[in-house]
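Here the structure comes first, spelled out in structure tokens, and everything after it is commentary.
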Amino acid sequence: MNKKISAIFFAMVASLTTVPMASALEGDLKDLRPEVNKKEWQLVKNDTTRSIKTYIREGDGKRINFKVDAMIEGTLENVARVHFDVDNIKHWYWETLDSRLLKKVSSTEYYYYMQYNAPVTMPDRDAILHAVIEPYSVKKGYMQLSIRAVPDYLPAQANLVRVQEQDMIVKFTPLGKEKVHLEAEGFVDPGGIAPTWAMNFVQRNAPYSTMLGLQRRVNMTATTAQTGPSPFMYAE
């Protein structure tokens with residue numbers, strides 16, 4: 001066999017063996033890669049500029065599961081005021097059309113109403129929420145807000161779908177005088193018929209957009225006149 005024929009022969013052999021070997025190698029690497037467990041929290045957004053991380057987790061098909069880890073520029077007092085100024089939540093919370101206080105039980109407990117603009121083709125939603133505050137103390141080092149939906153608190157409206165679950169816990173930890181570490185985790189059952197694409201859209205976008213809105217609102221209210229502590233921040 002001359003040199004030219006020999007070179008062609010070995011090139012043909014190499015071409016026949018390269019693909020199976022590459023496929024085998026790819027299979028071995030795939031076996032080494034960990035499978036994603038959709039029941040565990042998956043990072044969706046990591047905004048390093050604004051220090052916002054959001055996570056999602058697969059639910060039972062009815063719930064939107066979310067978790068947030070964010071740094072808010074502002075004092076604990078300002079961040080608290082924005083959260084507890086219920087009538088103005090509609091100015092910063094994700095797709096909120098209406099928000100208003102229904103009943104103040106005490107300085108650490110209240111009920112409020114929210115109405116949401118649902119994704120296209122879906123009827124709008126509303127929710128009745130019960131909030132309980134664990135006030136900040138130096139010993140504890142943080143303030144906590146627990147929210148739970150109470151859908152039967154008021155009769156449902158004919159043109160709206162009542163949110164069945166909107167439960168979350170929000171923890172506020174001041175870091176210095178002008179920064180608050182916010183950690184939130186919870187789930188939402190929007191009620192009625194909610195297609196998968198809409199659930200995914202809200203789950204992936206609402207927490208991050210809400211944090212952007214919160215920061216804007218904190219910046220806006222930081223320069224306004226304040227008289228005394230926020231009405232719900234401290235126990236009576």
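The values are calculated or read from the model by the stated rules, or taken from the named source; none is laboratory data. Keep in mind the model is a prediction, meaning the values are calculated, not measured. Positions of Cβ are generated from backbone atoms using ideal geometry, with glycine treated the same way; all protein chains shown enter the neighbour counts.
In summary, Ile89 fulfils each of the numbered conditions (1) of a type in the set (A, V, I, L, M); (2) more than 13 Å from the chain's Cα centre (by Cα); (3) modelled with pLDDT of 90 or more; (4) farther than 19 Å from Pro190 by Cβ with the single exception of condition (4).
In the set (1) touching a helix residue (DSSP H, G or I) at 6+ places or on another chain (Cβ under 8 Å); (2) touching a residue at least 24 places away in the same chain (Cβ under 8 Å), the condition left unmet by Glu109 is number (1).
Applying the selection to the stretch 148-162, what residues are modelled with pLDDT of 95 or more, out of contact with any Pro (no Cβ under 6 Å at 6 or more places or on another chain) and not small (Gly, Ala, Ser)? Matches in the stretch 148-162: Arg148, Val150, Pro151, Asp152, Tyr153, Leu154, Pro155, Leu160. Screening Leu101 on (1) farther than 25 Å from Gly74 by Cα; (2) touching a helix residue (DSSP H, G or I) at 6+ places or on another chain (Cβ under 6 Å) shows it passes everything except condition (1).
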